[in-house]
1. Contact list please: Cβ distance under 6 Å, first residue in segment 15-30 and part of a loop (DSSP other than H, G, I, E, B), second residue modelled with pLDDT of 85 or more and among the basic types (K, R), pairs at least six apart or on different chains.
2. Could you list, in sequence order, all residues of segment 213-230 that are over 15 Å from A104 (Cβ atoms) and more than 20 Å from the chain's Cα centre (by Cα)?
3. Restrict the check to segment 57-67 and report whether at least one residue is within 27 Å of V248 (Cα to Cα), part of a loop (DSSP other than H, G, I, E, B) and either modelled with pLDDT of 95 or more or under 16 Å from the mean Cα position of the chain (by Cα) (or both).
4. Take V123 and tell me if it is touching a Leu at 6+ places or on another chain (Cβ under 6 Å) and either surrounded by fewer than 21 Cβ atoms within 10 Å (Cβ to Cβ) or among the charged types (D, E, K, R) (or both).
5. Which of the numbered conditions does N202 fail, given that it passes all the others? Conditions: (1) at pLDDT below 95; (2) out of contact with any strand residue (DSSP E or B) (no Cβ under 8 Å at 6 or more places or on another chain); (3) not hydrophobic (A, V, I, L, M, F, W, C).
6. Among the residues of segment 218-238, which ones are in contact with an Asp or Glu (Cβ under 6 Å, 6 or more places away or on another chain) and among the small types (G, A, S)?
7. Tell me which of these V111 doesn't satisfy, since it passes every other one: (1) over 20 Å from E241 (Cα atoms); (2) of a type outside the set (K, R); (3) out of contact with any Lys or Arg (no Cβ under 7 Å at 6 or more places or on another chain).
Amino acid sequence: MIGLRTSRIARFGRMQAAKQAVWNPGLPLEPRVIALYRFEKGPHFTDDSRGGNDLTNHGATESAVRCERKWSSQFVAVSSQYMDRADADLDVGFPGKAGGTLDALSILAYVRVPSTTAHMGVVCKHASFALYIYRQSATQMYIIVYVWKNGTPHEVNSYINAADFMGVNKWYHIAWTQTGCDDTDTYRLSVYDVAAGAEHGNSPKTGNWLNDYAGDVNANAFQVGRYNPTSYRYMNGLVDELVIANAVFTPGEITLIRAGKFKYP
């Protein structure tokens with residue numbers, strides 16, 4: 001543990017030495033965070049700033065159109081661009097990893113799309129969990145989160161009425177948290193309009209699961225910018241500051257992250 005922590009601090013120090021603007025400097029040290037992808041330009045573009053879950057890049061590029069720090073990741077759907085990491089190479093404790101668990105979970109990410117020509121996968125460990133953009137029309141979309149339990153995908157989406165449609169060429173911060181997968185556990189899906197500085201539409205959506213099955217784990221790869229290994233549904237747009245955690249961030253902590261004021265300890 002000491003060696004792993006030393007390695008993470010060393011990586012954080014290299015980022016500072018490279019004069020990259022630090023945003024939410026507490027996130028790389030926060031114990032609940034399993035993976036943190038900041039997508040900064042250069043040799044560490046797809047590195048995990050928190051752990052050892054560096055991604056293999058399949059064509060995605062850096063973009064100066066970003067929501068935090070200096071750069072974001074840009075995916076072009078027609079070019080089948082995505083990133084991934086094999087399950088066997090994921091850190092112990094990564095949600096959904098084979099031989100592990102899928103219980104408490106947080107997925108945080110900034111997204112921005114120029115148009116919605118199709119449904120798009122943002123983050124996916126197929127048949128375990130996924131964050132997905134659903135296309136309502138060429139200029140309207142909303143967020144869906146899938147969590148698999150006992151072999152069945154359970155869906156929570158951000159749509160209640162037309163006020164919940166997200167627009168194109170706008171940054172949104174998506175925050176999914178669940179305390180677990182049992183029927184006594186709660187979930188929260190928050191969509192935040194960055195330009196407006198406020199929750200979007202009827203966000204957040206909260207609730208309880210309807211059954212007490214455990215969350216599914218498997219040997220599928222963890223992917224960014226693609227939905228699954230067969231139907232694909234590639235991302236078309238930008239993703240920034242992606243956080244995967246095996247515990248819950250509170251609404252207050254998510255507000256601090258969005259404001260760039262999250263600290264640890």
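1. Listed by first residue and then by second, the contacts come to A21/R69; A21/K70; W23/R69; G26/K263.
2. Scanning segment 213-230 gives Y213, T230.
3. Yes, because at least one residue in segment 57-67 is within 27 Å of V248 (Cα to Cα), part of a loop (DSSP other than H, G, I, E, B) and either modelled with pLDDT of 95 or more or under 16 Å from the mean Cα position of the chain (by Cα) (or both).
4. No; evaluated as a whole, the condition is false for this residue.
5. So the condition that N202 fails would be (1).
6. Listed by number, the residues that qualify are A219, A221.
7. Exception for V111: condition (1).
The values are calculated or read from the model by the stated rules, or taken from the named source; none is laboratory data. Bear in mind the structure is a predicted one, so any value in this text is a computation, not a measurement. Positions of Cβ are backbone-derived with ideal geometry, glycine not excepted, and every protein chain shown enters the neighbour counts.
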